[in-house]
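Chemist: Got a structure for you, questions after.
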Amino acid sequence: WGPTPAFIFAMSNAVAVLIISCPCALGLATPLSIMVGVGNGAQNGILIKEAEALERFNQIDTLIIDKTGTITEGKPSVEHVFAFAPFNEQQVINLATSINQHSEHPLATGTVNYGRTHNATRYEIAALSAVTGKGVTGEIEGQRIGLGNRALMEQLQCEITPEMETQVIHEQNLGKTVSYLSIDDQIAGFVVITDKIKATSRAALATLMSEGVDVIMLTGDNHRTAKAVAQQLGLTDFGAELLPDGKMHRIEALQKAGNIVAMAGDGINDAPALAQADIGIAMGTGTDVAIESAEITLIKGDLMGIVRAKHLSHYTMVNIRQNLFFAFVYNALGIPIAAGILYPFVGILLSPMIAAAAMAASSLCVITNALRLRNKRLD
């Protein structure tokens with residue numbers, strides 16, 4: 001069918017087919033979008049360690065969030081201290097400050113700061129021991145001191161009377177955290193700690209829920225405090241008094257049920273859950289262990305960063321699909337033309353130079369489209 005010399009034209013068409021079928025644009029389609037998307041995320045305070053996390057984030061249907069330092073500001077402060085007879089408030093302040101003076105936990109820092117402003121006497125601590133998810137114990141001048149939640153008091157075999165519990169419940173119903181202080185086998189008093197909810201937490205969680213994400217709050221805090229915070233945020237599902245492995249097991253159960261789960265946390269206790277989740281999200285204001293366990297880090301420690309990350313993932317995946325369309329449509333149209341399919345009908349053959357220009361044009365389209373991600377607003 002070809003013109004003479006047929007062999008020369010056949011060779012020319014073969015070269016044109018080889019040139020235009022080179023999958024340069026196809027090879028650029030996904031990496032370019034991911035690279036630009038990661039860059040846009042960094043500009044918006046979202047550090048993405050793994051490209052897979054950016055690709056999968058748009059698929060999440062469940063978000064697990066820690067309370068302290070994630071929903072709240074993570075800067076707990078002591079509101080007030082109560083003492084039970086025969087002990088007094090200053091004794092409670094002194095002992096609580098002493099047992100917390102070497103800890104880096106946010107609750108401990110708040111207690112020490114309170115003690116500093118109330119002229120607390122600091123005692124030397126012996127046999128200091130942190131009890132995971134419960135509190136801390138130690139010895140001061142031969143007395144066993146415990147500071148922590150109800151579970152710790154039960155472990156230390158300290159009796160909590162109905163009168164004590166009534167006062168504690170009142171504080172917990174207001175969304176405050178209560179730490180009991182025990183001396184030997186007696187409850188000496190308790191410390192009331194408050195931690196403000198971040199200004200953006202409500203809006204961020206409302207946006208995520210409106211976009212079809214189930215939000216579940218899991219915390220080691222007591223049930224009443226967790227319920228009060230959940231109600232303030234409009235959350236219907238929450239878990240309280242959970243140890244680190246309890247959060248991890250909850251995520252495992254959700255994954256077995258077919259959910260794609262993201263976990264947001266900031267503390268050492270959150271590390272197992274962050275590692276277990278399909279996508280771990282660490283607050284940049286949190287611990288190094290949490291950041292190391294997560295695939296995404298929010299530099300500002302702001303829950304709006306999760307909303308931005310989800311939008312970024314959506315825009316990136318749309319951009320990848322657009323790039324793949326550009327890459328495939330050029331090949332789908334160009335290869336038959338380069339092979340000479342139009343020659344029998346309209347006498348058109350595609351020269352290798354035009355094929356090279358078409359191949360470059362497809363790559364240029366992919367690059368230009370990927371760069372549009374730089375200017376995408378994520379709010």
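The values are calculated or read from the model by the stated rules, or taken from the named source; none is laboratory data. All values reported here derive from a predicted model rather than from experimental measurement. As a convention, Cβ positions derive from the backbone with ideal geometry for all residues, glycine included, and neighbour counts pool all protein chains shown. Note: areas computed on protein heavy atoms with side chains; ligands, DNA, RNA excluded. Shrake-Rupley method; radii C 1.70, N 1.55, O 1.52, S 1.80 Å.
Chemist: Any chance you could count how many residues in the range 1-34 are within 56 Å of the chain's Cα centre (by Cα), in contact (Cβ under 8 Å) with a residue 60 or more places away in the chain and not in a loop (DSSP other than H, G, I, E, B)?
Modeler: 16
Chemist: Inside the range 3-44, can you point out the residues that are touching a Leu at 6+ places or on another chain (Cβ under 8 Å), open to solvent by less than 50 Å² (accessible area, probe 1.4 Å) and more than 30 Å from ASP379 (Cα to Cα)?
Modeler: SER12, ASN13, ALA16, ILE20
Chemist: Taking THR30, is it within 30 Å of GLN322 (Cβ to Cβ), modelled with pLDDT of 95 or more and not acidic (Asp, Glu)?
Modeler: So THR30 does not fit the description; no.
Chemist: Continuing with the same structure: Need pairs with beta-carbon distance below 6 Å; first residue over 22 Å from GLU52 (Cβ atoms) and in contact (Cβ under 8 Å) with a residue 40 or more places away in the chain and within the range 285-301, second hydroxyl-bearing (Ser, Thr, Tyr) and open to solvent by 40 Å² or more (accessible area, probe 1.4 Å); sequence gap 6+ or separate chains.
Modeler: So the pair list comes out as GLY301/THR285.
Chemist: Further, regarding this structure: Given (1) closer than 30 Å to ASN149 by Cβ; (2) surrounded by 19 or more Cβ atoms within 10 Å (Cβ to Cβ), where does LEU350 come up short, assuming only one miss?
Modeler: For LEU350, the failing item is (1).
Chemist: Mind counting the residues in the range 152-177 that are open to solvent by less than 10 Å² (accessible area, probe 1.4 Å) and in contact with a helix residue (DSSP H, G or I) (Cβ under 6 Å, 6 or more places away or on another chain)?
Modeler: Number satisfying all stated conditions: 0.
Chemist: So which of ALA228, ALA240, ALA262 is within 30 Å of ARG144 (Cα to Cα) and small (Gly, Ala, Ser)?
Modeler: One residue alone meets the criteria, ALA240.
Chemist: Something else: Determine, yes or no, whether ILE367 is in contact with a Leu (Cβ under 7 Å, 6 or more places away or on another chain), over 23 Å from ILE8 (Cα atoms) and either surrounded by fewer than 20 Cβ atoms within 10 Å (Cβ to Cβ) or of a type in the set (Gly, Ala, Ser) (or both).
Modeler: So ILE367 passes the test.
Chemist: State which residue pairs qualify: first residue within 25 Å of ALA42 (Cα to Cα) and inside the range 359-379, second residue of a type in the set (S, T, N, Q) in any location, beta carbons under 6 Å apart, and separation of 6 or more residues or different chains.
Modeler: As it stands, the answer is VAL366/ASN323; ASN369/GLN322; ASN369/ASN323; ALA370/SER33; LEU373/ASN40; LEU373/ASN319; ARG374/ASN40; LEU378/ASN44, since those pairs meet every condition given.
Chemist: Further question on the same structure: Taking LEU181 as meeting all but one of (1) surrounded by 21 or more Cβ atoms within 10 Å (Cβ to Cβ); (2) over 20 Å from ALA240 (Cα atoms); (3) under 32 Å from the mean Cα position of the chain (by Cα); (4) touching a residue at least 60 places away in the same chain (Cβ under 8 Å), write down the number of the exception.
Modeler: Every condition holds for LEU181 apart from (3).
Chemist: Just checking, how many residues over the range 108-148 are closer than 16 Å to ILE93 by Cβ, within 27 Å of the chain's Cα centre (by Cα) and aliphatic (A, V, I, L, M)?
Modeler: Total satisfying the criteria: 1.
Chemist: A further question on this structure: Quick check on my filter: what residues within the range 320-379 are outside any helix (DSSP H, G or I) and either under 13 Å from ALA29 (Cα atoms) or acidic (Asp, Glu) (or both)?
Modeler: The one that is outside any helix (DSSP H, G or I) and either under 13 Å from ALA29 (Cα atoms) or acidic (Asp, Glu) (or both): ASP379.
Chemist: Another question, then. Considering each residue of the range 131-141, count those that are open to solvent by 20 Å² or more (accessible area, probe 1.4 Å), in contact (Cβ under 8 Å) with a residue 24 or more places away in the chain and not β-branched (Val, Ile, Thr), and give that number.
Modeler: The qualifying residues number 2.
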